[in-house]
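Heads up, the thing below is written out as structure tokens.
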Amino acid sequence: MNKICSFIGHKDLFITDTLLENIRNTIIDLIENENIKDFYCGGYGNFDNTIASLLKELKSTYNIKSYLVTPYINPLVEKKLKYIERCNIYDEIIYPEL
């Protein structure tokens with residue numbers, strides 16, 4: 001059975017260096033001790049963007065994948081998706097069926 005980890009946060013959450021280090025250590029623990037390789041992210045706020053950047057950084061050390069999960073597509077989301085694809089932030093974008 002494959003395990004996944006999901007991150008969905010608040011758009012205005014301020015992340016301190018201490019919190020970021022705790023999140024980094026938790027993700028590393030999940031990878032190394034729980035064999036989690038897939039990470040799903042909301043992608044719409046400061047917290048989500050910070051997590052996506054952290055996962056991108058960790059990909060240089062670990063064989064993990066990150067996925068953007070978005071519930072809908074509109075012009076604003078389309079613009080953001082083009083940026084995300086250009087920056088290679090996520091490995092895949094998931095649009096769940098509604």
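The values are calculated or read from the model by the stated rules, or taken from the named source; none is laboratory data. Computed from a predicted model, the values in this text were never measured in an experiment. No Cβ is skipped: glycine too gets one built from the backbone with ideal geometry, and neighbour counts run over all protein chains shown.
Rundown of residues vs (1) exposed (fewer than 15 other Cβ atoms within 10 Å of the Cβ); (2) under 9 Å from the mean Cα position of the chain (by Cα), yes/no style:
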position	(1), (2)
D38	no, no
G42	no, yes
L54	no, yes
Y72	yes, no
P75	yes, no
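List the residue pairs whose Cβ atoms are under 6 Å apart, where the first residue sits in region 26-48 and is free of Cβ contacts under 8 Å to residues at least 40 places away in the same chain, the second is of a type in the set (G, A, S) and part of a strand (DSSP E or B), and the two are 6 or more positions apart or on different chains.
F39/S66
Specify which of the listed residues (L58, L19) is free of Cβ contacts under 8 Å to residues at least 24 places away in the same chain and of a type in the set (A, V, I, L, M). It would help to see each step written out before you state the result.
Details: L58 fails: free of Cβ contacts under 8 Å to residues at least 24 places away in the same chain.
Exactly one of L58, L19 is free of Cβ contacts under 8 Å to residues at least 24 places away in the same chain and of a type in the set (A, V, I, L, M), namely L19.
If you check I94, I28, I89, I8, which single one turns out to be modelled with pLDDT of 80 or more, surrounded by 15 or more Cβ atoms within 10 Å (Cβ to Cβ) and of a type in the set (A, V, I, L, M)?
On the way: I94 fails: surrounded by 15 or more Cβ atoms within 10 Å (Cβ to Cβ); I28 fails: surrounded by 15 or more Cβ atoms within 10 Å (Cβ to Cβ); I8 fails: surrounded by 15 or more Cβ atoms within 10 Å (Cβ to Cβ).
From the options I94, I28, I89, I8, the qualifying one is I89.
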